[in-house]
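Undergrad: Before anything else, here's the structure in question.
Read the figures in this text as sums done on the coordinates, not as results from a lab. The model shown is predicted, which means the values in this text are computed figures rather than measured ones. FYI the Cβ positions are ideal-geometry reconstructions off the backbone, even for glycines, and counts take in every protein chain you see.
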Ligand code: SF4
Ligand code: SF4
């Protein structure tokens with residue numbers, strides 16, 4: 001049976017307030033765009049918006065997969081909105097963002113998994129905001145021929161950073177990520193890097209789903225062995241009681257230990273801490289790694 005754990009003190013966060021965030025939120029409303037920052041009630045929103053960083057969700061809010069930790073709706077998504085790349089680019093310019101992360105739900109219904117829409121967004125953002133750095137956080141493009149097509153399309157307009165989250169250790173995949181495949185995700189990261197040696201690659205792991213320290217270390221080894229440059233490691237928090245239970249709150253010391261382990265493996269940047277999210281300090285991570 002799953003434990004019901006009390007949140008430790010290092011997890012409780014301050015509710016941010018202030019005009020900067022309110023103004024940016026108003027701009028988002030005008031353009032009807034969705035940020036993960038708001039949707040996931042991310043504890044870092046104040047800091048990120050204040051730094052000119054935000055994470056946008058494209059290709060709709062309905063996913064074709066059903067991961068046990070994820071709060072996104074599941075079902076049949078609508079066709080991609082052809083206006084979205086332009087609206088997104090305008091919002092990024094209006095918000096004056098310096099670093100933008102673009103992500104999406106899984107689109108197993110699309111032949112290219114949504115790759116062309118990602119590329120259209122990259123192109124529009126670059127047109128409107130040539131100095132803004134763009135990180136994409138993509139699905140795994142799993143399916144017959146889909147990874148080949150997606151990589152070909154991404155090559156026409158590559159991002160500044162390519163991020164794809166491995167999320168958890170392989171033993172937990174059947175339970176936590178049905179529909180995904182651990183080795184497939186590693187292969188995607190490796191192939192992208194081989195195709196674009198100058199573009200930074202990045203992945204992320206969530207802790208607290210039932211994994212052991214040894215398993216996490218092995219996953220970090222696997223990521224390095226697939227030429228991933230940067231990694232984020234954070235605590236999983238249960239979005240609702242119907243989602244995967246938190247099996248453990250990893251301590252700040254354990255996160256620190258993993259950070260040191262990651263650097264020893266040769267990652268150029270490791271962000272490891274209870275509140276770290278895939279896009280947390282994305283701008284600084286990429287800069288410190290010398291990638292943007
Ligand atoms: Fe948004 Fe990511 Fe920052 Fe959270 S960590 S506020 S999701 S950019
Ligand atoms: Fe959520 Fe991504 Fe899994 Fe879809 S594929 S359910 S968006 S984590």
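Undergrad: What share of the DSSP beta bridges in the chain is antiparallel, in percent to the nearest 5?
TA: Counting DSSP beta bridges with both partners in the chain, the antiparallel share is about 5 percent.
Undergrad: When ranked by the protection proxy of mean other Cβ atoms within 10 Å per residue, highest first, what sequence do the peptides 113-119, 259-265, 86-92 form?
TA: The densest-packed peptide leads the list: 113-119, 86-92, 259-265.
Undergrad: Explain nothing, just the number: relative contact order of the chain, from Cα pairs under 8 Å at least 6 residues apart, as a whole percent.
TA: Normalised by residue count, the contact order of the chain is 17 percent.
Undergrad: Out of 58, 122, 11, any idea which swings most in a Gaussian network model of the chain, alpha carbons joined below 10 Å?
TA: Taking springs between Cα atoms under 10 Å, the residue moving most is 11.
Undergrad: Would you calculate a helix-derived [θ] at 222 nm for the chain, using -39,500 (n - 2.57) for each DSSP H run of n ≥ 4 and dividing by the full residue count, to the nearest 500?
TA: The helix contribution divided over the chain gives -11000 deg cm²/dmol.
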